[in-house]
Amino acid sequence: MPPLLIDILFAAAAIGVLVLSLAVVLVKNPVRATLLLIASFLPVALLYIMMQAPFVGILQILVYGGAIMMLFTFVIMMINPAPKGGEIPGEAAKPFGPVRMIPWLLLLIAAGFTIILPVYRAAKTLAPVAVSKPGFGSLASLADLLFKDPMNNPFTVSFELISFLILVGIIAALNFSRRRGATGKSDAVV
Amino acid sequence: MPLFNLANCLALALLLLLIGAFGVFRRRSLILILLSVEVMLNGVNLALVAFNYFRWGDSESGHYLYMLSIGVAGVEAAVGLSMVLVLFRNYRDITRERISHLGETEEA
């Protein structure tokens, strides 16, 4: 691909991500915010594909956009926090007004000049390390990384440990959602 | 100097993180706070994959870290949302002000 086209694609994807993420933070309707977040994953997936991570891009859309965000949509539709006009009551009142934001903005500007700008300049001078492996970032290559020689591979163990984390999450979620009186005792203490 | 480089990718990740943090401070509904946390996580994942592509050569550790990160994000969403559901069942209200009292009434 010609470098100009790559730059144009990167700029378009970056602007798309930023605009959609700002919209996620600013819109009032929660269902719209969730759908906008799913939409903001599409340019991110494009960026991943540009960075030779096609499998990660697919994961971003299938797992992140398809599974995790659907969980959010389910919960929003289940508890239906929008009784009138699609707005959460009181959402319009800003708890974080412009006056209280000033010290944080100052802190951010100070951090920008002391830390972020030097890091940005340093990162700009770093030469990219070329990728030479065939099939870099593909499913087969990642499977090799994770499961090749499983007895001595640290990635295998830590990857399998994620399943324990998910198991703990399932148990916690089930415990939270037990109804009061279903077991005879009062539970779901928050 | 091409536009598509590590510095610009990291700047994009930082901006996503800041947008998410702004949302966490601004939103009042707990679900939308969790949604802003997802925006922040998105920025972090972008930084991981960008480092992998621009600096780590043939290693794919960044992709692996990304997979770990979405595993954690999924568990966080499941546990967080079930907590939101319990709070909604008990209080019929999931705004930040109500939850910060944790069972005490406004007068207390």
* Structure fact -> Restricting attention to the stretch A:137-169, the residues that are within 22 Å of the chain's Cα centre (by Cα), of a type in the set (A, V, I, L, M) and more than 7 Å from chain B (Cβ to nearest Cβ) number exactly 4
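Suppose we filter B:LEU65, B:LEU48, B:LEU102 for residues that are at pLDDT 90 or above and open to solvent by 60 Å² or more (accessible area, probe 1.4 Å); which single one remains?
Values: B:LEU48 fails: open to solvent by 60 Å² or more (accessible area, probe 1.4 Å); B:LEU102 fails: at pLDDT 90 or above.
After applying the criteria, what remains is B:LEU65.
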* Asked: Which condition breaks for A:ILE58 when tested against (1) over 20 Å from A:SER141 (Cα atoms); (2) surrounded by fewer than 20 Cβ atoms within 10 Å (Cβ to Cβ)?
  -> (1)
* Asked: When you look at A:SER177, is it open to solvent by less than 100 Å² (accessible area, probe 1.4 Å), at pLDDT below 80, facing chain B (nearest Cβ under 8 Å) and more than 25 Å from B:LEU6 (Cα to Cα), yes or no?
  -> yes
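I'd like to know if the stretch B:82-98 contains one or more residues that are among the polar types (S, T, N, Q), more than 7 Å from chain A (Cβ to nearest Cβ) and either surrounded by fewer than 20 Cβ atoms within 10 Å (Cβ to Cβ) or within 22 Å of A:PHE136 (Cα to Cα) (or both).
Filtering the stretch B:82-98 down to residues among the polar types (S, T, N, Q) leaves B:82, B:90, B:95.
Imposing the further condition that a residue be more than 7 Å from chain A (Cβ to nearest Cβ) reduces the set to none.
No - not one qualifying residue is present in the stretch B:82-98.
Identify all residues within the stretch A:1-40 that are in a helix (DSSP H, G or I) and in contact with a strand residue (DSSP E or B) (Cβ under 7 Å, 6 or more places away or on another chain); write none if there are none. Break it down into steps so the answer makes sense when it comes.
Step one: list which residues in the stretch A:1-40 are in a helix (DSSP H, G or I), which gives A:3-26, A:30-40.
Scanning the stretch A:1-40 gives a single hit, A:PRO30.
The values are calculated or read from the model by the stated rules, or taken from the named source; none is laboratory data. Nothing here was measured: the structure is a model prediction, and the numbers come from that model. Using ideal geometry, Cβ is built from the backbone for each residue, glycine included, and neighbour counts are taken over all protein chains shown. Only protein heavy atoms, including side chains, enter the accessible area calculation; ligands, DNA and RNA are left aside. Shrake-Rupley method; radii C 1.70, N 1.55, O 1.52, S 1.80 Å.
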